[in-house]
Structures are given as structure tokens and as C-alpha cells.
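Let me begin by presenting the structure, written as C-alpha cells, before commenting on it.
The values are calculated or read from the model by the stated rules, or taken from the named source; none is laboratory data. Note that the structure is predicted; figures quoted are calculated from it, not measured. Quick reminder, even Gly has a Cβ in these numbers, built from the backbone with ideal geometry, and neighbours come from all protein chains shown.
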Amino acid sequence: MTNRIPLIVNASSNQIEEIPSGDNLNLTNNDIVNVGNVTAVGKSTASTIQLTGLTADPTGSPGLIYYNTTTGKFRGYNGIAAAWQDLN
């Protein structure tokens with residue numbers, strides 16, 4: 001199995017990139033359900049984090065990405081525009 005590296009949106013270049021080594025992925029207050037407190041040191045494995053029951057975009061934070069099953073598009077939060085945008 002390959003290593004999976006979290007992806008973020010670089011708001012400066014409007015590109016999807018791997019999260020920089022040593023950086024943190026903060027998912028606080030992002031409407032993720034059915035997940036308790038998660039603390040990982042080193043390697044961590046998770047099967048799925050699923051956003052459910054949303055009728056609008058979740059609370060945003062720069063660099064977050066999710067897949068909208070209604071529109072069939074990935075959405076990314078642009079910290080400069082302070083808004084969710086479709087990723088083309």
C-alpha cells in the first residue's frame with residue numbers, strides 16, 4: 001500500500017499540493033462527524049472521514065478540501081477570498 005499524504009490548496013498559486021513535511025493539518029471546527037479526539041504521533045491510519053447531512057459548505061479554513069457528491073466536484077477553501085471554490 002502506498003503512503004497517503006494530506007493535500008492542501010495553496011491559496012497563493014491556486015494549486016493543490018502535499019502538506020509540507022513537519023506542518024500540521026488542523027481540522028478543528030470543520031463539521032467532521034463520528035470522529036472523536038484524534039492525536040497522532042508518527043504514522044496514523046484512518047479509513048474514512050465523512051461529512052454528512054450538510055446542506056451548505058462546511059465551516060472553512062484556508063487549505064481545506066472536500067468532495068461534493070451533489071455536484072460531483074472537489075471544493076477548496078480559499079483563505080484570501082475567505083470562500084469555498086470549485087477546484088477545476
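Some values worked out for this structure:
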quantity	calculated
Residues being surrounded by 10 or more Cβ atoms within 10 Å (Cβ to Cβ) and modelled with pLDDT of 70 or more - total across segment 30-68	13
Residue, surrounded by the fewest Cβ atoms within 10 Å (Cβ to Cβ), within segment 1-22, restricted to residues that are modelled with pLDDT under 80 and closer than 11 Å to residue 79 by Cβ	10
